[in-house]
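The values are calculated or read from the model by the stated rules, or taken from the named source; none is laboratory data. This one's a predicted model, so the numbers in the text were calculated from it and none came from an experiment. With ideal geometry, Cβ positions are generated from the backbone for all residues, glycine too; neighbour counts draw on all protein chains shown.
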Amino acid sequence: MSEANQEKEFAAEQKLIDDMAPLQPALESGVVEEENSAMRNVETPSAPGEESAEARRSDGSQDDLAQLKAELNKYKDIALRSVADLDNYRKRMAREKDDAIRYANTSFLERLIPILDNFELGLQAAKAGGAHSAVQDGMMIVFKQLQEFLASCGVETIDATGKHFDPNLQEAIAQEENADVAEGFVIRQLRKGYRLKDRLIRPANVVVSKGAPVSKDAVTPSAGT
């Protein structure tokens, strides 16, 4: 190849290089961006120390969550118990209020009943005298009025004569042998009993039968055969 031709080729190459010079920064920038993108897409492995620290933080968070749940259940149980206690308290207070209203006259009636007993004894004595008088009739009217008043207050008379002995309503003063009254039954009533609705004010005083007396002539079986 002649020198002229070589000079022409060198000149053409130089011109090409000069033409490409303005595009060089843009090309280099694109290459760098591609390299950075490739580096970002590559997953960087974590160091062993970082993984253990993250695991410890996760375990700590789970422990804290479990503790919070335990405390929540604890306070929830306390709240439920408090609500139940309050409901029981309200029911008890309502029941006590009803009882207070229902048995408000108990103390008054307890003091009135002995007076009624004495009045009845006086009336029986007047009847036993044999002489019928206007005073006796007046006492009978007053006695009936007192009985009606007690009945209007909810007081009931406990009549135990001839009935089976009931320790919840009667008080046994004595026991006697009686051939006509079975064992455990009331022979006679010495004092009336009273109750206000379902509450006992005073038990009836009674004499209870021990049954038929044992005959002294009864044959006692001998020890031998």
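So the values come out like this:
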quantity: Test for Gln175: is it farther than 30 Å from Ser107 by Cα, modelled with pLDDT of 90 or more and in contact with a strand residue (DSSP E or B) (Cβ under 6 Å, 6 or more places away or on another chain); calculated: yes
quantity: Flag if Val155 is of a type in the set (Val, Ile, Thr) and more than 17 Å from Pro203 (Cα to Cα); calculated: no
quantity: Residues being in contact (Cβ under 8 Å) with a residue 12 or more places away in the chain and either among the hydroxyl-bearing types (Ser, Thr, Tyr) or under 25 Å from Leu196 (Cα atoms) (or both) - total across the range 123-138; calculated: 1
quantity: Number of positions in the range 159-189 that are over 24 Å from Ile201 (Cβ atoms) and loosely packed, with under 15 Cβ neighbours inside 10 Å; calculated: 7
quantity: Residue in the range 163-170 that is in contact with a strand residue (DSSP E or B) (Cβ under 9 Å, 6 or more places away or on another chain), at pLDDT 90 or above and closer than 22 Å to Ser107 by Cβ present; calculated: yes
quantity: Some residue of the range 165-172 being free of Cβ contacts under 8 Å to residues at least 24 places away in the same chain and under 42 Å from the mean Cα position of the chain (by Cα); calculated: yes
quantity: Some residue of the range 118-140 being aliphatic (A, V, I, L, M) and modelled with pLDDT of 90 or more; calculated: no
quantity: In the range 184-203, the residues that are under 21 Å from Ser152 (Cα atoms) and in contact (Cβ under 8 Å) with a residue 12 or more places away in the chain; calculated: Lys192, Gly193, Tyr194, Arg195, Leu196, Lys197, Arg199, Leu200, Ile201, Arg202, Pro203
quantity: Tally of residues being surrounded by fewer than 10 Cβ atoms within 10 Å (Cβ to Cβ) and in contact (Cβ under 8 Å) with a residue 40 or more places away in the chain across the range 139-154; calculated: 0
quantity: Residue within the range 110-121 that is under 37 Å from the mean Cα position of the chain (by Cα) and either in the same structural domain as Gly184 (by TED's automatic domain parsing) or of a type in the set (A, V, I, L, M) (or both) present; calculated: yes
